[in-house]
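Rule-based calculations on the coordinates, nothing more; no lab input. Bear in mind that the values here come from a model prediction, so they are computed numbers and not experimental data. With ideal geometry, Cβ positions are generated from the backbone for all residues, glycine too; neighbour counts draw on all protein chains shown.
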Amino acid sequence: KPRLYSGMQPSSGSLHIGNYIGAIQQWRAMQEEYDAYFSIVDLHAITVPQDPRTLREQVRTVAAQYIAAGIDPSRSCLYVQSHVPAHAQLAWVLSTITGFGEAGRMTQFKDKSARQGADAASVGLFTYPILMAADILLFDAAAVPVGDDQKQHVELTRDLATRFNARYGDTFTVPTPVIQGEAARIYDLQEPTAKMSKSAATDKGLLSLLDEPARLAKKIRSAVTDMEGVVRADRATKPGVTNLLAILSSVSGRSVADLEVEFDGQQYGAFKAAVADAVVAEVEPIRDRALALLDDPAELDRILAANAARASEVAEATLDRAYRAIGLR
Ligand code: TYM
């Protein structure tokens, strides 16, 4: 089976529907055909300040949501990045073949550091994409399913793999990003031109997998729309309605074109109620399962430890290959 790799930050504990639609839905489908590795990237999370105790809890909370959403930890390898030391080791090696300007062109770094101010932003935030490249290359991943915002990082990974192979001999598999079309980017419900993100100013535009059903419905009812009153997709002039259509399409498995026909002539109120029903139907069982898993943290820790051992074997072998290729060991 070909290898697949993807990961997610534990930054807020609760995943949002953008993570679910942009990433987890694809992961769940792809784990059938791939030898899949999914990490909780706690080393990435500490590129911005974290509270130690909260971070540890958030890692478990995210693991519970992965499993609750259908990632099967007895088939796919679901583990925590910091449990496998090879990530940090390979990241160092890759940093030595990454250009300063090349790293400086990463738009996520530019956005995040602009928000924090150049002096507040850490060097780790700058080298973040190199650690992500190490994640992917350690596992010889052929496919990397991500949301559209991570595409540039996967492209950097491809460049680094190609460069390393050219310089030191064939060592790494060059990965391909797998990005879902319409739903590659889900937007904030209150500000539908900004991507839905844990770092948004308010949580009103964010649909969290751990939100109670009534809260999800309320956020959807208050989503920003427009004055036209017609349910149709048009990213430029109707970002709010277009985003709700993308969400409904992803959780219901129906095309946006079909949905436009179904809601032709209907008011936004009725449309939003249908979106809320569909989102709640999808998210509530995941929330219930995640909360049940969190009742037994020792069992979650056991799963994560067993999977870290599996991941280490693969990662150590690749690291050894890379070290030898450059004249170490
Ligand atoms: P992160 O934690 O920001 O997001 C996890 C996944 O969710 C996707 N995503 C979205 N998709 C659609 N709409 C949105 N609004 C939205 N917000 C987030 C992201 O694209 C991502 O797929 N650097 C990565 C984590 C990472 C990784 C890796 C991914 C570390 N190492 C190796 C793949 C392979 C990140 O911060 O994702």
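Axis angle, to the nearest 10 degrees, between helix 123-138 and the longest C-alpha principal axis of the chain: 80 degrees. Against the chain, whose longest principal axis is taken from its Cα atoms, helix 151-168 shows a tilt of about 20°. Between helix 297-325 and the chain, what is the angle of the helix's C-alpha long axis to the longest principal axis, kept within 0 to 90° and rounded to the nearest 10? Rounded to the nearest ten degrees, it is 50. Measuring between their Cα centroids, the range 179-245 and the range 48-75 lie 24 Å from each other. Among the listed pairs Lys151/Lys195; Lys110/Lys195; Lys151/Lys272, those with a Cα-Cα distance over 25 Å are Lys151/Lys272. Here the relative contact order of the range 9-136, from alpha carbon pairs under 8 Å that lie six or more residues apart, stands at 30 percent.
Basic side chains Lys and Arg get +1 at the Cβ, acidic Asp and Glu get -1 at the Cβ, and with that the dipole of the range 1-128 about its Cα centre reaches some 60 debye.
Let me know the shape class of the range 254-329, please: from the alpha-carbon gyration tensor, a ≥ b ≥ c as square roots of the eigenvalues, rounded when a/c is under 1.5, otherwise prolate if a/b is greater than b/c, or oblate. Taking the square roots of the gyration eigenvalues as a ≥ b ≥ c, the range 254-329 is oblate.
Of the residues His87, Pro145, Gly101, the one whose Cα sits farthest toward the positive end of the charge dipole of the range 87-166, with +1 on the Cβ of Lys and Arg and -1 on the Cβ of Asp and Glu, is Gly101. Of interest is the spacing of the C-alpha centroids, which for the range 286-307 and the range 106-170 amounts to 30 Å. What does the C-alpha gyration tensor say about the overall shape of the chain? Classify as rounded when a/c is under 1.5, otherwise prolate if a/b is larger than b/c, or oblate. Judged from the Cα gyration tensor, the chain comes out prolate (a/c at least 1.5, a/b above b/c). With the helix formula -39500 (n - 2.57) applied to DSSP H stretches of n ≥ 4, the chain reaches a computed 222 nm mean residue ellipticity of -16500 deg cm²/dmol.
Rounded, prolate or oblate: which fits the range 72-184 when a ≥ b ≥ c are the square roots of the eigenvalues of the alpha-carbon gyration tensor, with rounded for a/c under 1.5 and prolate only if a/b beats b/c? Intermediate results must be reported in sequence, preceding the final value.
Numbers: a/c = 1.42, a/b = 1.18, b/c = 1.20.
Note, shape of the range 72-184 comes out rounded.
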